[in-house]
Amino acid sequence: MAEQTIPSDAIEVEVRIEPDEHQSDSEDEPQLGIPTGTSLASTVFNYRQSYQIPRRGYGYHGLKDGAYLLPNDKREQDRMDLTVDCNCAPLKRDLGRVLDLGTGTGSWVVEFADQHPTTEVLGTDLSPIQCLSTPQNCTFEIDDFETEWPYPTRPQTGLYDYIHEREITGSIQDYPKLFAQAYRHLAPGGFLEMQSMQTNFFSDDGTRERAVTAVRWQEMLVEASRRFGKELGVEERWRVGMEEAGFVGVKEMVYKVPLSAWPKDPHMKELGRYQAAYTQEMLQSYSLALFTRVLGWSKAELDALLEEVGNDLRDPKAHLYAKVRVVYGQKGESE
C-alpha cells in the first residue's frame, strides 16, 4: 500500500523529523505501568467478558453488544487516557453547552468542565466507565451516538456551542448521519471538532520498508474493519464530509507523532517514548475482536503476529510515525 499524501489545503505540523543516528538498539521503551492479570468487569454493569483471553480479561460493552469492537476494561481505560487531550477549534469564552461523543473515561469532559465552570458539559458513551467525582457542571449519559440523538434542538435550551469527539474512528458506520445530527444540534456559530490518530504507519526516509509485519497488520486491520462495517483509516474523508453537511470554514491539521524514541530532537524523542507505550497497548485493543471475530484468527495466531508487529515498531532503525488528524468546522452564524 502506497503511503498517503496530505491534502494540499491541510496544515501539516512537523514537516520532517530528523532521526537520532546514535539511538541505541537496546534503549528501553516505557510501559503503561498497569499490573498484568485478569480484570473482571462488574456484573452490575452487564459487561461481557471475552472468553478468548484468559491471560488478560477484556470487558466489552453491555449496551448494543458487538456494536463497538474495542474493550472497555480498566487497562483499556488507561490506554484511552493517553490519547490527545486538547481542542483546536477557536471557541468563544462564554460557551453555553458542550457535548462530547464517545467520551470513554470522561477525562476530557471533566477537565473541560473545570476550565469552563459556567458551561454545561455532557459526555456520552456506550459504557458507564466514567469517574464518579465530577464538577457540578459535568454530566454523563449512556447512549449510542449512531442512533437518533435524544437531545432537544430548541434554541437557547437544546443546542450546543461545541460538539467534540476524539478517537472514535472504527465505531462509526454512517458518517453523513453523524455530521447531519451534529449540525442539527449545534447553535449558530457552534463548532464540531473531530480528532483521531490514524492507524497507518509512515516514514520520511524509506525505513517504513523495514516494518513489513507492522504494515501487513495495519492493512489487515483496515480490511477487517471494512468487513465489519465501521472502517478505520477514513479520517481523510472528514473534511469533505463536514463540508457536504453544511459546515463552513472547515480546517484540517495533521500532526506527526513518532512511534518510538528514534527522533533526534529531545522533545520529539520524549513524545516518541510516550507514544510507544500507547501504541503497544493499542495493538491488542484494536486487534482482538477484529482478527478473531471478523478474520477468524485464533488467539495464538494473533499473539504471534502482534509479537512481530511490536518488534517492528520498536526497531530504532525504522523511523516510523503516525499522523494525528484534527478537523473542525462551524455552523453558519445566520442559521
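The values are calculated or read from the model by the stated rules, or taken from the named source; none is laboratory data. Computed from a predicted structure; not experimentally measured. Counting neighbours? That spans all protein chains shown, and the Cβs are built from the backbone with ideal geometry, glycine included.
Exactly one residue among 151, 175, 183, 160 is in contact (Cβ under 8 Å) with a residue 24 or more places away in the chain, aromatic (Phe, Trp, Tyr) and under 13 Å from residue 335 (Cβ atoms), and that residue is 183.
A single member of 71, 150 is modelled with pLDDT of 50 or more and out of contact with any Cys (no Cβ under 9 Å at 6 or more places or on another chain), and it is 150. Filter region 182-223 for residues that are over 30 Å from residue 296 (Cα atoms) and in a helix (DSSP H, G or I) and give the result. The answer is 182, 183, 184, 185, 207. Considering 260, 285, the condition of being of a type outside the set (Val, Ile, Thr) and at pLDDT below 90 is satisfied by 285 alone.
Residues checked against (1) within 23 Å of residue 22 (Cα to Cα); (2) in contact (Cβ under 8 Å) with a residue 60 or more places away in the chain; (3) not aliphatic (A, V, I, L, M):
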position: 284; (1), (2), (3): no, yes, yes
position: 289; (1), (2), (3): no, yes, no
position: 294; (1), (2), (3): no, yes, no
position: 297; (1), (2), (3): no, no, yes
position: 302; (1), (2), (3): no, no, no
position: 308; (1), (2), (3): no, yes, yes
position: 316; (1), (2), (3): yes, yes, yes
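Return a yes/no flag: does region 294-305 have any residue that is in contact with a helix residue (DSSP H, G or I) (Cβ under 8 Å, 6 or more places away or on another chain), of a type outside the set (Val, Ile, Thr), within 30 Å of residue 251 (Cβ to Cβ) and buried (at least 19 other Cβ atoms within 10 Å of the Cβ). No, region 294-305 has no match at all.
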